[in-house]
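The values are calculated or read from the model by the stated rules, or taken from the named source; none is laboratory data. Here the structure is a predicted model, which is why all the values come from computation and not from measurement. Cβ: placed from backbone, ideal geometry, glycine included. Neighbour counts: every protein chain shown. Just the protein is used for accessible areas: all its heavy atoms, side chains included, with ligands, DNA and RNA removed. Shrake-Rupley method; radii C 1.70, N 1.55, O 1.52, S 1.80 Å.
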Amino acid sequence: MLLIDRQDAVAVVTLNRPEAMNALSKALRAALRQAILELDADPSVKVVVLTGAGERAFTAGLDLKELSTDPLGMGAANATDPAENPARAVLACSKPIVGAINGVAITGGFEVALACDVLVCSTNARFADTHARVGITPGWGLSQKLSRVIGPYRAKELSLTGNFLSAQQAYDWGLVNRVVEPAELMPAALKLAREMASIEGDMLVTYKAMIDDGYALTMGEGMALEHERSVVHNASVTPEMVEARRAAVQARGRSQ
């Protein structure tokens with residue numbers, strides 16, 4: 001149902017229900033929450049890659065077949081507990097999460113993708129918000145986050161039609177970081193994750209939080225937040241620490 005593969009400082013988490021387009025059943029949602037909790041607490045893991053099994057789907061969102069047999073099942077659409085709300089489970093991770101989008105990311109699956117920190121997708125990937133067509137409103141953040149990523153006009157086009165967005169269009173609209181051939185998806189996602197993992201772990205957590213927390217504020221408030229946290233962090237950085245890393249930074253610059 002959920003696979004975890006630790007590769008040095010990178011952990012790959014795979015939603016493993018390909019026969020159901022990796023739909024987010026209650027059990028899978030709980031397993032994802034538990035896995036992220038454990039990886040977040042594991043000091044040997046610096047970065048997480050989240051993907052779906054197979055090439056058809058990253059995840060098709062909530063398991064509608066399961067919901068149809070549970071009179072209380074629709075409560076999951078508005079759940080605030082990360083064990084029920086996978087977008088919150090992903091957002092709660094203090095470490096960077098690279099979403100490797102291998103196929104369709106539909107509705108709730110779209111919301112989980114948006115919760116990742118970076119998105120790499122294959123040419124097979126497609127995104128769709130079908131909330132309006134199903135007759136429910138999003139409860140995992142899509143109506144707010146999508147418009148902040150691609151702008152309100154494009155967000156309204158997607159959400160008020162339920163149309164699919166291709167991988168290339170998602171890249172053109174700034175939704176994903178890059179698009180690669182299916183066979184290159186995991187190598188590209190892992191390469192990016194390993195580049196992040198070459199940074200000191202506490203720095204990754206600190207910088208990710210600074211970006212996320214500031215993004216939720218006005219520009220002025222965000223600038224104040226940056227100053228406040230920067231003063232505290234940089235007070236502990238010595239010239240010797242900077243010098244020790246300078247040569248490695250220069251060597252990296254020459255090799256890129």
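Quick notes
- Note on the stretch 1-117: enclosed strands (runs of 3 or more DSSP E) holding 1 or more residues that are touching a Lys or Arg at 6+ places or on another chain (Cβ under 7 Å) and touching a residue at least 40 places away in the same chain (Cβ under 8 Å) are 10-15, 47-52, 104-106.
- Residue check: Gly141 meets all listed conditions (1) surrounded by fewer than 23 Cβ atoms within 10 Å (Cβ to Cβ); (2) farther than 26 Å from Val205 by Cα; (3) modelled with pLDDT under 95 but one, namely (2).
- Pro82 crowded, with 21+ Cβ neighbours inside 10 Å, under 13 Å from the mean Cα position of the chain (by Cα) and not β-branched (Val, Ile, Thr): no
- If the condition is being open to solvent by 10 Å² or more (accessible area, probe 1.4 Å) and either part of a loop (DSSP other than H, G, I, E, B) or in contact with a helix residue (DSSP H, G or I) (Cβ under 6 Å, 6 or more places away or on another chain) (or both), then the stretch 120-131 contributes Thr123, Asn124, Thr130.
Conditions (1) within 30 Å of Ser122 (Cβ to Cβ); (2) among the hydroxyl-bearing types (Ser, Thr, Tyr); (3) at pLDDT below 95, marked per residue:
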| residue | (1), (2), (3) |
| --- | --- |
| Ala188 | yes, no, no |
| Glu195 | yes, no, no |
| Ala209 | yes, no, no |
| Leu217 | no, no, no |
| Gly222 | no, no, no |
| Glu243 | no, no, yes |
| Arg252 | yes, no, yes |
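- Any hit, the stretch 182-202, residues being within 26 Å of Ile4 (Cβ to Cβ), aliphatic (A, V, I, L, M) and touching a Pro at 6+ places or on another chain (Cβ under 6 Å): yes
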